[in-house]
Amino acid sequence: MSDTSKIVSRGLWHENPVLVLLLGMCPTLAVTTSAYNGLGMGVATTVVLLGSNICISLIRNVIPKKVRIPCFIVIIATFVTVVEMCLEAFLNNLHASLGLFIPLIVVNCIILGRAEAWASRNTVGKSVLDAVGMGLGFTLTLFVLGGVRELLGNGTFTLFQYQETLVQLRVLAKSTDPILVMILPPGAFITLGFFIAGMNAIQTRMKKRAG
Amino acid sequence: MTDKVKAAAAPTAKQDSPARLVITLTVVALAAGVALAGAHVLTKDRIAAAKARKKLASIKKVLPRCTNNPVDDALKLPGVKGKTEVYRCRKKQPDGSNPVVAVAIQQSSAGNKHKPYSGVIRVMVGIDVKSGTVRSYKTQKGKSEVAVVIVKHSETPGLGSKALDYDFRKAFVGRDLKGEDKTSKGKLWLTKKDNPQLGFVDAISGATVTSRAVTEIVQKALTVFNNNRQAIINTVKTNKKPGPAKATGNPPAHPAPPQGVQP
């Protein structure tokens, strides 16, 4: 496996931020009430991660060690605020449904974690790859998690929503009663629990097969 | 790779001098400030436009067919607490006059006796000027709709969020401030749960708190209307930017087709 795909696949699978590292639980549990919300939060976080990783790896040799964390946080907060403004301006519906959790990306452990553990020690190129891998891993997990919860809890699967345009698949008939608890907070824990269990089962089996 | 690791692992004494720390942080913060200012300038017009569009959309939902633009014909009137914006809908009559036939009033749960289950609820209510009752109308697809629109809420999805459904909101159709409508006299603005004889609102099962809060908000909107009825009908000029169309009768800018007679 080449270096590039190794870095990217690490975030997607072996070190998946949600399912393996269990980072960023706050947005993971709170906003995955629909597939589109999960996707939106994932993409917003990925954009912030990409920006902060690039900036931090660029200035990694200039920043004194003692003030590195304040510097990282200022950079991350700047990107988050820019992303929030853009969301409010261009994707108003998403901004309304994600609400408070957009500014909270600032304190998402994934971003500071990657800044500290990777971007502050690696070249720009490698940091971009890392951000793409981690961001994709986060986005995919939130998208699937939101999809499963929405499907069971509301009987639908929302792909896109902007103003009056709504791309939504109705999977269960409107007359069937969905499992309401799935889009309530307990549903987030239940679904995430099954996801992590599944992930562990697959990885154990893969390890067994490998050796 | 090795030199980078060295730099990270063993910071030189020069890097740790207080002046260096201050300068680094200042530069980073300044750059961040510049970036934010730039982003603000680039997005602020679109954000304002998006907000205005949202407002107009919710007003359009309670006042679907007007010969004017209700946003341009708004009045700032004394509300339950402080000032409230009242959006007026005019309709051209056969004799050429262009009177106010309905208004939209937005009220929030702030100051409610019955608080929402979580956060704030905002409701836009459309009120018929002549009868002082909550409006209803037929959509273009022929469905009945109530002029009560929940603009913002953070109630539990699946429970409190059912207040958005027509089945709940239809209880308000044709009610005036006393709760009277054509069929029943002297009903109270209460849920049936609170007063089985005189309450008229079917509370949502599992979300009585939400039902009570929304009921009170709708009643508040009617109160604002009743307190300002004369001002709403008679004020000609708006206290927004002076538009030339208001005094000269019918502005031809919005040729809404008059589909059917609205209550």
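The values are calculated or read from the model by the stated rules, or taken from the named source; none is laboratory data. Predicted model only: the values in this text are computed from it and were never measured. FYI the Cβ positions are ideal-geometry reconstructions off the backbone, even for glycines, and counts take in every protein chain you see.
A few notes on this one:
- Checking A:Lys66 against (1) more than 10 Å from chain B (Cβ to nearest Cβ); (2) surrounded by fewer than 19 Cβ atoms within 10 Å (Cβ to Cβ), the condition it does not meet: (1)
- Scanning segment B:82-100 for residues that are assigned to a strand (DSSP E or B), closer than 13 Å to B:Asn68 by Cα and of a type outside the set (D, E, K, R) yields B:Tyr87, B:Cys89, B:Val100.
- Any hit, segment A:30-43, residues being surrounded by fewer than 19 Cβ atoms within 10 Å (Cβ to Cβ), within 14 Å of chain B (Cβ to nearest Cβ) and closer than 27 Å to B:Thr156 by Cα: yes
This table checks each residue for (1) of a type in the set (A, V, I, L, M, F, W, C); (2) within 13 Å of chain B (Cβ to nearest Cβ); (3) at negative phi; (4) in contact (Cβ under 8 Å) with a residue 12 or more places away in the chain.
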{"site": "A:Pro17", "(1), (2), (3), (4)": "no, no, yes, yes"}
{"site": "A:Leu50", "(1), (2), (3), (4)": "yes, no, yes, yes"}
{"site": "A:Leu87", "(1), (2), (3), (4)": "yes, yes, yes, yes"}
{"site": "A:Asn92", "(1), (2), (3), (4)": "no, yes, yes, yes"}
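- Summed over segment A:143-168, residues that are assigned to a loop (DSSP other than H, G, I, E, B) and closer than 22 Å to A:Thr28 by Cα total 1.
- Evaluation of B:Arg88 against (1) among the charged types (D, E, K, R); (2) more than 16 Å from the chain's Cα centre (by Cα); (3) surrounded by 21 or more Cβ atoms within 10 Å (Cβ to Cβ) (one fails), failing number: (2)
- Among the residues making up segment B:139-160, those that are buried (at least 17 other Cβ atoms within 10 Å of the Cβ) and either more than 12 Å from every other protein chain (Cβ to nearest Cβ) or assigned to a helix (DSSP H, G or I) (or both) are B:Glu145, B:Val146, B:Ala147, B:Val148, B:Val149, B:Ile150, B:Gly160.
Every residue, every condition in (1) polar (S, T, N, Q); (2) within 20 Å of B:Leu222 (Cβ to Cβ); (3) at pLDDT 85 or above, yes or no:
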site: B:Ala74; (1), (2), (3): no, yes, no
site: B:Ser97; (1), (2), (3): yes, no, no
site: B:Lys113; (1), (2), (3): no, yes, yes
site: B:Val148; (1), (2), (3): no, yes, yes
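- B:Ser58 vs. criteria outside the structural domain of B:Gly174 (by TED's automatic domain parsing), of a type in the set (Ser, Thr, Tyr) and under 16 Å from the mean Cα position of the chain (by Cα): yes
- Some residue of segment B:26-34 being closer than 30 Å to A:Trp118 by Cα, more than 8 Å from chain A (Cβ to nearest Cβ), in a loop (DSSP other than H, G, I, E, B) and modelled with pLDDT of 85 or more: no
- When each of A:Glu84, A:Glu88, A:Glu150 is tested for being crowded, with 19+ Cβ neighbours inside 10 Å and in contact with a Pro (Cβ under 7 Å, 6 or more places away or on another chain), the lone residue that passes is A:Glu84.
- For segment B:37-84, a residue qualifies if it is more than 14 Å from every other protein chain (Cβ to nearest Cβ) and without any contact (Cβ under 8 Å) to a residue 40 or more places away in the chain, and the qualifying residues are B:Pro70, B:Val71, B:Lys81, B:Gly82, B:Lys83.
- Counted residues, segment A:177-201 - those being more than 14 Å from every other protein chain (Cβ to nearest Cβ) and surrounded by fewer than 18 Cβ atoms within 10 Å (Cβ to Cβ): 10
- In a residue-by-residue description of segment A:35-49, the property of being under 30 Å from A:Phe195 (Cβ atoms) and in a loop (DSSP other than H, G, I, E, B) applies to no position.
- Some residue of segment A:169-183 being in contact with a helix residue (DSSP H, G or I) (Cβ under 9 Å, 6 or more places away or on another chain), within 25 Å of A:Ile105 (Cβ to Cβ) and not in a strand (DSSP E or B): yes
- Here A:Gly24, A:Gly99 are screened, and the one residue that is among the small types (Gly, Ala, Ser), within 13 Å of chain B (Cβ to nearest Cβ) and within 22 Å of A:Val144 (Cα to Cα) is A:Gly99.
- Checking each residue in segment A:107-120 for being crowded, with 18+ Cβ neighbours inside 10 Å and either within 14 Å of another protein chain (Cβ to nearest Cβ) or more than 21 Å from A:Ile73 (Cα to Cα) (or both) picks out A:Ala115, A:Trp118, A:Ala119, A:Ser120.
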